[in-house]
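Notes follow the structure.
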Amino acid sequence: MVSPELLRRYPFFGAFDEAEVGDIAMIAEEAFYQAGDPVFEVDQPATALYVLVEGSVEIWFVAMDKHEPELRKEFYVSEFNPGDVFGISALIEPYIYTMTALVTSATRLIRIDGLELRHLCQLDPKMEAAVMRRLAKAAMDRLHDTRVQLLAARA
């Protein structure tokens, strides 16, 4: 469990009332990683949603041949800033991570159990709508950033 006050520091949780933040805090925990540690890897079951508290996490796209896994190439996509939410695949079917998240410096995260958060959302449609609005915004922000990177690469 983390303190509800810790969650309240981040805009993602701004749409939730005190009871909802309290419920999310009950299924969250702090996690600490060192440089080089993966938070999660592509094609793994997506078990958690993360909030970056401090440190540095990069996101990488991994292209590989399913029949020959040794044919693998990794592409840097972006870096998360404190306050960013990532691991959104934990709340979107088929609940499989589509990228790899690597820690680049000592990092502190909030880890929210994906299965438990989905369960809370099933019990409270208002909470589910708020979560999905926040996830959609995060996805659209990342899509915009990716488009900017593509344009810069073509210039």
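For the stretch 24-43, residues that are open to solvent by 30 Å² or more (accessible area, probe 1.4 Å) and either more than 24 Å from I96 (Cα to Cα) or assigned to a loop (DSSP other than H, G, I, E, B) (or both) total 7. The set of residues in the stretch 92-101 being open to solvent by 10 Å² or more (accessible area, probe 1.4 Å) and among the aliphatic types (A, V, I, L, M) consists of I92, I96, M99. Selection of the stretch 44-60 for residues being exposed (fewer than 15 other Cβ atoms within 10 Å of the Cβ) and either among the hydrophobic types (A, V, I, L, M, F, W, C) or touching an Asp or Glu at 6+ places or on another chain (Cβ under 7 Å) (or both) yields an empty set.
Taking (1) assigned to a helix (DSSP H, G or I); (2) closer than 20 Å to R142 by Cα in turn, H119 satisfies each apart from (2). Put simply, of L52, L71, L91 the only residue that is at pLDDT below 95 and of a type in the set (A, V, I, L, M) is L71.
The values are calculated or read from the model by the stated rules, or taken from the named source; none is laboratory data. Since the model is a prediction, treat every value here as computed from it, not as a measurement. Heads up, the Cβs are rebuilt from the backbone with ideal geometry, glycines too, and the neighbour counts pull from every protein chain shown. The area values use the complete protein model at the heavy-atom level, side chains included, leaving out ligands, DNA and RNA. Shrake-Rupley method; radii C 1.70, N 1.55, O 1.52, S 1.80 Å.
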